[in-house]
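A quick write-up on the structure given underneath.
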Amino acid sequence: MSEKIPLSKIIEPEEKSWLKIIFCWRSSVIPAIIPRVIFCGLFGLLISLIHYYYTDVGLPVLSSVVPSIVLGLLLVFRTNTAYERFWEGRKLWGSLVNSIRNLARMIWVSVTENSPKDREEKSKTLRLLVVFAITTKLHLRGQPINSEIRDLIPECWYERLQEVHNPPLQVALLIGEYLQQEFERNCINSYQLTAMLKLLDTMVDVLGGCERILKTPIPVAYSIHLKQLLLIYCLTLPFQLVTELAWWTPPIVSVISFTVFGIEQIGIEIENPFGLDANDLPLESICQTIQINIEELIDFIPRLRERKIF
Amino acid sequence: MSEKIPLSKIIEPEEKSWLKIIFCWRSSVIPAIIPRVIFCGLFGLLISLIHYYYTDVGLPVLSSVVPSIVLGLLLVFRTNTAYERFWEGRKLWGSLVNSIRNLARMIWVSVTENSPKDREEKSKTLRLLVVFAITTKLHLRGQPINSEIRDLIPECWYERLQEVHNPPLQVALLIGEYLQQEFERNCINSYQLTAMLKLLDTMVDVLGGCERILKTPIPVAYSIHLKQLLLIYCLTLPFQLVTELAWWTPPIVSVISFTVFGIEQIGIEIENPFGLDANDLPLESICQTIQINIEELIDFIPRLRERKIF
Amino acid sequence: MSEKIPLSKIIEPEEKSWLKIIFCWRSSVIPAIIPRVIFCGLFGLLISLIHYYYTDVGLPVLSSVVPSIVLGLLLVFRTNTAYERFWEGRKLWGSLVNSIRNLARMIWVSVTENSPKDREEKSKTLRLLVVFAITTKLHLRGQPINSEIRDLIPECWYERLQEVHNPPLQVALLIGEYLQQEFERNCINSYQLTAMLKLLDTMVDVLGGCERILKTPIPVAYSIHLKQLLLIYCLTLPFQLVTELAWWTPPIVSVISFTVFGIEQIGIEIENPFGLDANDLPLESICQTIQINIEELIDFIPRLRERKIF
Amino acid sequence: MSEKIPLSKIIEPEEKSWLKIIFCWRSSVIPAIIPRVIFCGLFGLLISLIHYYYTDVGLPVLSSVVPSIVLGLLLVFRTNTAYERFWEGRKLWGSLVNSIRNLARMIWVSVTENSPKDREEKSKTLRLLVVFAITTKLHLRGQPINSEIRDLIPECWYERLQEVHNPPLQVALLIGEYLQQEFERNCINSYQLTAMLKLLDTMVDVLGGCERILKTPIPVAYSIHLKQLLLIYCLTLPFQLVTELAWWTPPIVSVISFTVFGIEQIGIEIENPFGLDANDLPLESICQTIQINIEELIDFIPRLRERKIF
Amino acid sequence: MSEKIPLSKIIEPEEKSWLKIIFCWRSSVIPAIIPRVIFCGLFGLLISLIHYYYTDVGLPVLSSVVPSIVLGLLLVFRTNTAYERFWEGRKLWGSLVNSIRNLARMIWVSVTENSPKDREEKSKTLRLLVVFAITTKLHLRGQPINSEIRDLIPECWYERLQEVHNPPLQVALLIGEYLQQEFERNCINSYQLTAMLKLLDTMVDVLGGCERILKTPIPVAYSIHLKQLLLIYCLTLPFQLVTELAWWTPPIVSVISFTVFGIEQIGIEIENPFGLDANDLPLESICQTIQINIEELIDFIPRLRERKIF
């Protein structure tokens, strides 16, 4: 609990090594677009060869076929929309973190404990909150329920969760059942129940919101039209440039296609932010943060009360 | 219940087959804009013929009549607005899914059951939630109440719903009546009633929000002005290009008109996202998801309680 | 109640008759901008005459005086801001529809009826909700209270509403008084009162939001600066083009000025969306929808209860 | 109370006198930017003189130093951000109007009156709401508490408000104290208290929101960079244009610098919308509207009850 | 308490000294980008030397490699996103200020005092609110708990806070414990407790929101791609310009690279707004404002009650 990593560390690198970032290969979009870039370069080479050995195929006026302003605006629109989904996904997970923190604090502080077993029940439910986060992560990634959550819940629940379509929804149901039961045992009053159920609703809203982002990509007509324009743009480039650039055509065409395909590719990569790519959201570390916060909470309060601070 | 399809499957294809998507005909806007594109091509041919056989009609300075930057910005504004409606529509349906899930869980967990008939009443009401989603879908599409909901509600309600202007509003009323009745029978307390009614209000808000998107297209003055500019732009193109391109004019004019009409057409198609086109929202599958979640819930809780897990 | 018009009808026309829309005169901005366009055309003619009979006044370098990119961005910013107000206005009215529907359902379902007179009181209050919508519409249009609402409220209130500054605010007060009175008579409990008052607050929020949009146009400095740039732009056009276009200058200048003034005019027209223009919000039909929904509600519930469905 | 001014009057002028607005001097940004524009014109004159009498200083290639597209986008970003703050400020004040209306209606309707003194207390508190709005206005403008509010509150409070850092916060405290006291006297129940306190919280939120807009201008690095680019752009203009324009350089440079400085100046002026400029929010008239609404409310209800309408 | 600084002072300077701001060095991005700018200038010099002494390396057609429109749009997208995070961070802190003010007022007004010790407890809790703000600031900056908060809390808590991962979360827990304890002692009722806990939840939401902004920079693929394009753009500049500009190439290239790197750098600087730079949020002064407001509150109410104003 003392290996505290300053949060600001995560940002600082960018400010320092401007140049290093440029050559960062793994997180960049280069691996994904390299085939298309090479194809465009080879096509440029072909046109250069035809231009040199057969006939003049230069047509500079083709530059108006896909005006660069129109293409630029479409690419930015694409990037913008994809980024908004990325950021909305991040906000939803942020809201999940907040709701779990608040609900955990509320359960821990408000539910009356009559016996040591109640304390145990509480810890079990608090860990269910962590399970909600983890099953949501797995559900969004299309992964089956795995050992990550085995230690956190009883065996019979674990089996049940493996059967259902939507495991986090079942976890929410279990939490709801616990709260209702404590309410019926008069361990919480109805105001507290209402407030807690609202937080539970928010958690289910987050689940629904993430599913929405995942299941509804940008309208496919848009996606197709952009790809078609990009292809037309890149294939007309050699005809525009070959007269002036001669044998420089292939490398220059490659660089230009790298520019535009790269922007489109970023859009594709961050559109679904729940995957396992380098550019996706760090869901693993978010789930871990939640788990640490919950364990710290379970650990803190009893010690607080023993010392009878208030 | 074991044929779980990983959600992530839906996105993956895009990441794999970049090239295949380009030639996807059905979902693209090509069928819709092909007549306009052919018309522009033929007009380009006509101008080429006149240019070649009669007199020089080339007027390159016409390029400033509708500056491509202005046209580009307007097209992007159009796309942007249409996409915002598309996405708002999706958000509303996402919020409907969330509200129904939460309300269903609340009814199932909180309403006290005194007799087996109460259990039946509950199931009936939970299915009413599904009916709300389906009637909203039908209402937004202007379709009559059909057999989809016949099995979910009693016959007398079914007849009534066929008579009214706004069926989902009547379904909301029926749910409201049920909750009020359970409240009067002391099966839920007033806090729970309030919380449930708020969720019901959210459902009616979604209905109103969808109607708003459907009934209020982009201001017609804007729509007309954009179409006028597009037509002027495409009709001046051959005069700008004929001097330099000669017989290449018709195909090039076709490609340019394809570019700009395509962007406008996407705007038109996604502006009303509740239809049956390939680019509209998958309302069918959303309604199905709701139905599956509800049936799983009806199935889960009793088994949970029998085992007396808590 | 059987003349149900499919909602989707309203959008479909656009999808069908692309060409017809272009020549739609009444809803377009043409009538509003025609004087300015003719003025610019005549100015172009004047410059052409001077150019031909007196001296060369061509100055192609003037094209950089108001760069078309800067003008384009400003116009799009203008359109964007105006559209946002239009859409916010629409959202506010959508929220009014939702609140009225929810409040009406709540009053009808929750308020206990002890005598037939109570039923009458209820209907009277439900109609007050319709009056709230209609008076808001009239208030936003600066129209006096008129016969539209005479049949919906008692005479003495009608007179009172004619005297005050802000009639919808007084209607909200009357509804608030009714709810408070029912609360004091124990016909609703405090939870229900609170929920209903919140909906009433939302209705007053809508009123305030609409007043805000109406009373706060875009900052006048912005509006002036844009108009000044547009004028400079259009008046330098003939000097730029006359050398190359000769006698084609007047028509071309007219078309360009039509393009840019048209975009500005759309901004002006939709900035205040509560008026009576073809491009304003269909407040009449929204108020009618509210009235139909309320009347259907008044008609539905008693029949439901008689059949004792639950 | 009969001198009702139709709200729509405020917008109409724009629609009528398009040309008049152009020459509206006071509200435009011209007075603020005239020195910079003249400076640029004189600099242009200097370059023209050097060009004509000494040596050729024309350097048309300088046009790429600050590409007009980059400058245009930055200016629009600036305008956009400033406008968003302007509009957010307006929304906050709109929300203040709504909260005060709702809180006033609630206090007037819900608080039980046992004696004529209670009625007086009520009026006093309702006027405190007006005082909250006025002190917020003064606080945002950095003006001291003045006679505007002297008639609305008792002398001892008036003195106290003059002493403190944040007068509206103290007014909120006084209103909170009143509500708490009525609650302790059983004149309102806890639900009503909660609802009222929420509205009071909203009022304090508005205060905090306005302070936030006021205290956090656009990041200064951005502001500096934009000014630097503008200066570089305007100072390279004469070199670009002098070869072609000769003695027309000074006026043309003036017009261009007028265009770009004007856009930046609008951003500066509307960034802090709480001042006293012609382009700032009409806080005076908003406070007056609040006062009129409150006085009408104080006047209306007793007459309503006397006639025993319900 | 009389050294009141008018808030408007903070904005005014910008309006006055337009020219002074340009030469403000410390807050500008110049120090950060100067190495890159010099590098580009030296590279330009190198190309000029090669061009002059060896061979013609001018390639004006390279201007289409990274079209300035595409680069411009990407830079604006970058600035936009960064500014949105800056502004969202500011909003979160604004919301923290509001919540603390409201919660403090509520605690001070609503919690019944039975003994002088209760008053003391209250003051202690109010100061805990200040501690929440300060620890959040320190947590976001990765700084350890320091003497700033030593005087505000008891020693034992101070030690505990030094041990944990997330100190503000523990402070929220302490506040929650206090409220629960007062509730159990019947000093506040459940409505008041619910309202207060909601405000506490908002405070924890702010903490989570700030962590989200801090931990999730713009997707790194985007950041890399932009840097790559900027480098390609700046390195092709000398080839484009050297033919025309000759020995003017180095300074002009420097100015252009200053323009574009400057915009990118602003994005980097304001992306994480919680640091200690001149362009970051003034968290110190926000925390101070909170402290002043709380102390003024602790000071005001008792004096108000002594005078028995109500």
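For the range D:48-78, how many residues are open to solvent by 50 Å² or more (accessible area, probe 1.4 Å) and without any contact (Cβ under 8 Å) to a residue 24 or more places away in the chain?
Final tally of qualifying residues: 5.
Restricting to the range C:238-250, name every residue that is within 10 Å of another protein chain (Cβ to nearest Cβ) and open to solvent by 40 Å² or more (accessible area, probe 1.4 Å).
C:THR243, C:GLU244, C:TRP248
Quick test of your reading of the structure: A:VAL66 fulfils all but one of (1) under 30 Å from B:GLN240 (Cα atoms); (2) out of contact with any Leu (no Cβ under 6 Å at 6 or more places or on another chain); (3) not in a helix (DSSP H, G or I). Name the failing condition by number.
(2)
Given the condition in a loop (DSSP other than H, G, I, E, B), in contact with a helix residue (DSSP H, G or I) (Cβ under 8 Å, 6 or more places away or on another chain) and touching a residue at least 24 places away in the same chain (Cβ under 8 Å), answer yes or no: does some residue in the range E:241-263 qualify?
no
Select from the range B:257-275 the residues that are open to solvent by less than 10 Å² (accessible area, probe 1.4 Å) and charged (D, E, K, R) and write down the one among them that is farthest from B:ILE69 (Cα to Cα).
For the range B:257-275, the residue satisfying everything is B:GLU271.
Tell me yes or no: at least one residue of the range B:210-219 is in contact with a Leu (Cβ under 7 Å, 6 or more places away or on another chain) and among the hydrophobic types (A, V, I, L, M, F, W, C).
Yes, the conditions are met somewhere in the range B:210-219.
Would you be able to tell me the number of residues in the range C:184-199 that are open to solvent by 20 Å² or more (accessible area, probe 1.4 Å) and of a type in the set (Val, Ile, Thr)?
1
Only one of B:GLN162, B:GLN181, B:GLN143 is more than 9 Å from every other protein chain (Cβ to nearest Cβ), at pLDDT below 90 and surrounded by fewer than 24 Cβ atoms within 10 Å (Cβ to Cβ); which?
Among B:GLN162, B:GLN181, B:GLN143, only B:GLN162 is more than 9 Å from every other protein chain (Cβ to nearest Cβ), at pLDDT below 90 and surrounded by fewer than 24 Cβ atoms within 10 Å (Cβ to Cβ).
Please state which of the following conditions E:GLN240 fails to meet, knowing it meets all the rest: (1) closer than 19 Å to E:LEU59 by Cα; (2) within 29 Å of the chain's Cα centre (by Cα).
(2)
Please verify whether D:GLY176 is more than 11 Å from chain E (Cβ to nearest Cβ), under 23 Å from D:LYS198 (Cβ atoms) and open to solvent by less than 30 Å² (accessible area, probe 1.4 Å), treating the condition exactly as stated.
No; evaluated as a whole, the condition is false for this residue.
Looking at the range A:107-155, which of its residues are over 19 Å from E:GLU177 (Cα atoms) and of a type in the set (D, E, K, R)?
A:LYS117, A:GLU120, A:GLU121, A:LYS124, A:ARG127, A:LYS137, A:ARG141, A:GLU148, A:ARG150, A:ASP151, A:GLU155
Could you please let me know if B:LEU235 is within 14 Å of chain C (Cβ to nearest Cβ), surrounded by fewer than 22 Cβ atoms within 10 Å (Cβ to Cβ) and closer than 30 Å to B:LEU45 by Cα?
For B:LEU235, the condition - within 14 Å of chain C (Cβ to nearest Cβ), surrounded by fewer than 22 Cβ atoms within 10 Å (Cβ to Cβ) and closer than 30 Å to B:LEU45 by Cα - is met.
Taking the condition open to solvent by 30 Å² or more (accessible area, probe 1.4 Å) and touching a residue at least 60 places away in the same chain (Cβ under 8 Å), does D:GLU84 pass?
Here the answer is no, as D:GLU84 does not meet what is asked.
Condition check ((1) more than 12 Å from chain C (Cβ to nearest Cβ); (2) of a type in the set (A, V, I, L, M, F, W, C); (3) in contact (Cβ under 8 Å) with a residue 40 or more places away in the chain) across all residues:
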| position | (1), (2), (3) |
| --- | --- |
| B:ASN80 | no, no, no |
| B:GLU88 | no, no, yes |
| B:LYS91 | yes, no, no |
| B:LYS117 | no, no, no |
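Looking at A:ILE134, A:ILE149, A:ILE188 in this structure, which one is β-branched (Val, Ile, Thr), at pLDDT below 90 and closer than 20 Å to A:LEU96 by Cα?
A:ILE149
Identify, please: which residue in the range B:7-51 is within 10 Å of chain A (Cβ to nearest Cβ) and not in a helix (DSSP H, G or I) and is, among those, modelled with the highest pLDDT?
Restricting to residues being within 10 Å of chain A (Cβ to nearest Cβ) and not in a helix (DSSP H, G or I), the top hit is B:VAL29.
The values are calculated or read from the model by the stated rules, or taken from the named source; none is laboratory data. What you see is a predicted model, and the numbers here were worked out from it, not measured in a lab. Every residue, glycine among them, receives a Cβ derived from its backbone with ideal geometry; neighbour counts consider all protein chains shown. All accessible areas refer to the heavy atoms of the entire protein, side chains included, with ligands and DNA or RNA removed. Shrake-Rupley method; radii C 1.70, N 1.55, O 1.52, S 1.80 Å.
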